[in-house]
Amino acid sequence: MTNLPQTALAKPPQPVYPVGTCATLSILWEVTAPKPGNVTRTADFEDATYVDFITGASVVGPILGQTRSNGVGATVLSAVRATRQAVGTNTNLGTLLLLAPLAAADPEEPLADGIGNVLIQLNEHDTRFVYQAIGDAHAGGLGQVDEADVHTTPLFDGSLLDAMRLASERDLIARQYTNGFHEVLECAAPWIEQELDRGRGLAQAIVTTQLRLLATYPDSLISRKCGDEVARFASDQAMKVLACHTDSVEEYQQRLDDFDFWLRSDGHRRNPGTTSDLIAAGLFVLLREGRLSCPHVFYEQNHD
């Protein structure tokens, strides 16, 4: 065997698609999978539909493709504004906050290495752009912290990393900025990959990963809307669904359907949206690193 130089061995696989296309596909595939509690191909919310999500995915892809040139904060703001112009609602703020730093990473480095270099270079300009994006999206702030809550201090004068650090104990998206995108790189992406390696279709791999993430990390959006107790209960229910994943197809599907019904109750306030954002980011990682391409099987006929 030819001995390759260490630098050649360390070079990441080349993506099949450009970065902007990776971003669009990651959002499209995430929303198309029939995940309990979320907008999907067969389940809309009153204020956001599947068409809104796929339209949003289409308009933000080219913007995310220019992140390395335009910067993380400016990219998030431009993409949020483009989404609102296209569909009139927020479908992707959390996803954009995760994808923009990943899209800014050096393509010659594995994302696990490159993301750190992106995060330490974030500055106060990124902060201002992101806070503007949060305001434009009409979304909640980065936690209810007086020093950095977008509703009370729209021009926090620290770096974006500082702002995210203040919210990291309460918000899983903010936490990614402070822990090197651990839940994205070490959980969401490899868990999807593991399910695919077991022969699952991509949709089922995404659903199983959603349950694993939700069982492990209470969803920040549920916590923000309904409180920590409800978020922990949702995690417990996800764990119970997972526990019967190896049982009969009928029992697993019934428990999954029951969980879906509960999450969609109360005006879909229990929507595990942060978990969906992590999955979209995990799909982006797999696409960006050449570990995933267009699936031959998206939906399975059964779960055996």
What size of dipole, in debye to the nearest 20, comes out for the range 10-288 about its Cα centre when the only charges are +1 on Lys and Arg C-beta atoms and -1 on Asp and Glu C-beta atoms? 420
Separation of alpha-carbon centers, the range 237-256 and the range 67-102, rounded to whole Å: 35
Only Cα pairs within less than 10 Å get springs; with that Gaussian network setup on the chain, which residue of Thr208, Thr67, Thr246 has the largest fluctuation? Thr246
Just name one of Tyr50, Asn92, Leu242: the one whose Cα is farthest towards the positive end of the charge dipole of the range 10-288 (beta-carbon charges, Lys/Arg +1, Asp/Glu -1). Tyr50
Gain in span if fully extended, Ser58 to Gln121, counting 0.36 nm per residue against the direct Cα distance: 19.9 nm
Among Gln237, Gln132, Gln254, determine the one that fluctuates most according to a GNM of the chain built with springs between C-alpha atoms less than 10 Å apart. Gln254
Short version: ³J(HN,Hα) in whole Hz for each residue of the range 62-73, in order, from phi by Karplus 6.51 cos²θ - 1.76 cosθ + 1.60 (θ = phi - 60°), x for Gly and Pro, what are they? x, 5, 5, x, 10, 4, 4, 7, 9, x, 5, x
Using +1 at the Cβ of each Lys and Arg and -1 at the Cβ of each Asp and Glu in the chain, identify which of Leu263, Ser223, Ala137 lies farthest towards the dipole's positive end. Ala137
With +1 on each Lys and Arg Cβ and -1 on each Asp and Glu Cβ, how big is the dipole of the range 250-304 about its Cα centre, in debye rounded to the nearest 20? 400
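Only the coordinates and a few stated rules stand behind these numbers; no lab work does. It should be emphasised that the depicted structure is a prediction, and the values quoted were computed from it without experimental measurement. FYI the Cβ positions are ideal-geometry reconstructions off the backbone, even for glycines, and counts take in every protein chain you see.
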